[in-house]
Amino acid sequence: MSSHGVDGRKLSRKMGPRLALYKNLMVSVLRYERVKTTEAKAKEIQGRVEKAITLAKRGDLSARRAIVSQFPNEPLVVSKLFDEIGPKYADRTSGFTRIVKLGPRAGDAAEIVQIELV
């Protein structure tokens, strides 16, 4: 079985734990506006965070329902997205996040980066 056309990284996890990791990282980035993590994880969630912000910029009921379905137990993050983050980037079409390299981790030399909202 080949992996041609299969998108994304597996990060040594099965699908459920991997999706939970992505969701938790996205919530952290949106809540704290910057998170330190490995480069692979940051690159994996960058597009997802951008899509969530783009939805929040739309601001209509259908966009809000889409975000709530993504983060059902995070009402604070949902309200922050629509009340603060969406209006903040109203004049911007894309590029809401930035990845800054911080250097290798001491234990296993994994590249550590900071993903932050611009």
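Numbers below:
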{"item": "From A20, A42, residue being in a helix (DSSP H, G or I) and touching a residue at least 40 places away in the same chain (Cβ under 8 Å)", "result": "A42"}
{"item": "Residues (part of a strand (DSSP E or B) and among the basic types (K, R)) located in the stretch 95-118", "result": "R98, K101"}
{"item": "Single residue of E111, E74 found to be acidic (D, E) and closer than 17 Å to V29 by Cα", "result": "E74"}
{"item": "S28 being under 28 Å from L102 (Cα atoms) and small (G, A, S)", "result": "yes"}
{"item": "Test: residue in the stretch 87-94 that is part of a loop (DSSP other than H, G, I, E, B), loosely packed, with under 11 Cβ neighbours inside 10 Å and of a type in the set (S, T, Y)", "result": "yes"}
{"item": "Every pair of residues 6+ apart whose Cβ atoms lie under 8 Å, when the first sits in the stretch 92-114 and is touching a residue at least 24 places away in the same chain (Cβ under 8 Å) while the second is part of a loop (DSSP other than H, G, I, E, B) and surrounded by 11 or more Cβ atoms within 10 Å (Cβ to Cβ)", "result": "F96/Y89; E111/R105; I112/R105"}
{"item": "Of all residues in the stretch 11-33 being in contact with a helix residue (DSSP H, G or I) (Cβ under 7 Å, 6 or more places away or on another chain) and surrounded by fewer than 16 Cβ atoms within 10 Å (Cβ to Cβ), the one that is nearest to E116 (Cα to Cα)", "result": "R31"}
{"item": "Candidates E50, E84 - the one that is surrounded by 12 or more Cβ atoms within 10 Å (Cβ to Cβ) and in contact (Cβ under 8 Å) with a residue 12 or more places away in the chain", "result": "E50"}
{"item": "Qualifying positions in the stretch 105-118 - over 15 Å from the mean Cα position of the chain (by Cα) and either surrounded by 12 or more Cβ atoms within 10 Å (Cβ to Cβ) or within 19 Å of R48 (Cα to Cα) (or both)", "result": "R105, A110, E111, I112"}
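No lab work stands behind these numbers, since they all come straight from the coordinates. Predicted model only: the values in this text are computed from it and were never measured. Virtual Cβ from ideal backbone geometry, glycine too; neighbours counted across all protein chains shown.
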